[in-house]
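The values are calculated or read from the model by the stated rules, or taken from the named source; none is laboratory data. These numbers come from a predicted model, not from an experiment. Virtual Cβ from ideal backbone geometry, glycine too; neighbours counted across all protein chains shown.
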């Protein structure tokens, strides 16, 4: 491994409020502070302040600041002081929250610049091929750090929403994206260590179990590998023992997806952060994986060569008959259609929970009828 050294001093060194304010003003002038998250936080905080103000006014009207004899009412004054204190606390929390976010933005931007990278506050609905990027609504990548650490890379936090009303849920992820030298078959490494109850995968997509491929050694203890049917030999070519060892040693805590010419590391905690230890782990992991990705560049899909040979008309000899000489062109870069995406599946654990939920709903209806 060549070793990737990051300068993380900007993440922890003291910063002046004046510098942070100037940086925030610059972002506003450039129109870069339009994050869905920032807007939502602002709406919640402002709504809270308005609610407290309304309660305060109602309390003043209900109890009155003056008693019947014209003297100040202790109850009215007590409520007034209480709600003034609540408003002051909310305002202080608002200032601390937005000052903390502003300082975080300043640190990440200067950390990126110090390492030849670029920081972007937010990207709405990023057009990326990974499994998490086509789900839900209000999709947004935040604190996006792009550039090159040996090969093109992007690190970001990501969120999307599903459901509505009381059932609305915000899903939070983070990812590291590496650009590969050539498109590869769709392969997913579902990390065993971050699975949930009964071994249920934490991935948002379930893949058909007939696409599960068992590899040699201890690899299955750390990852469940899925590859398209018919691409088992290709997966074995890509995941040689030395490559498997690199993933076990450096990426066993995250899920991995190879799709098109990208490799994604997925985590459920923030990766674009002001914690130097996280960035050092990213650099170490990228360096360890990149050291072995060079051999993947030589992979070619033999199915494309067969398709090209079948589509090409056979050469014709001088006598007018087809020549038996085969085409000797190598397979083109790319992946045949059947290898570009894994087939979706259905989790039996999910089915069990659905059956239990429906059963419980039917029981409540029966008991309600009996109770009448």
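Things to note:
- For segment 104-118, the set of residues classified as in a helix (DSSP H, G or I), over 20 Å from the mean Cα position of the chain (by Cα) and over 16 Å from residue 14 (Cα atoms) consists of 113 only.
- In segment 11-27, the qualifying residues are those that are in contact with a helix residue (DSSP H, G or I) (Cβ under 8 Å, 6 or more places away or on another chain) and outside any helix (DSSP H, G or I), and the one that is surrounded by the most Cβ atoms within 10 Å (Cβ to Cβ) is 15.
- Residue ID - nearest to the chain's Cα centre (by Cα), chosen from residues in segment 253-269 that are over 26 Å from residue 336 (Cα atoms) and crowded, with 17+ Cβ neighbours inside 10 Å: 267
- Being touching a strand residue (DSSP E or B) at 6+ places or on another chain (Cβ under 8 Å) and on the phi < 0 side of the Ramachandran plot holds for only one residue in 255, 260, and it is 255.
- Segment 282-297, residues that are surrounded by fewer than 16 Cβ atoms within 10 Å (Cβ to Cβ) and without any contact (Cβ under 8 Å) to a residue 60 or more places away in the chain: 295
- Which listed residue, of 100, 165, is at positive phi and exposed (fewer than 14 other Cβ atoms within 10 Å of the Cβ): 165
- Hey, residue 147 in a strand (DSSP E or B) and under 16 Å from residue 5 (Cα atoms) or not: yes
- Flag if residue 198 is surrounded by 15 or more Cβ atoms within 10 Å (Cβ to Cβ) and in contact (Cβ under 8 Å) with a residue 24 or more places away in the chain: no
- The listed residue being assigned by TED's automatic domain parsing to the domain that holds residue 18 and at pLDDT 95 or above, out of 112, 154: 112
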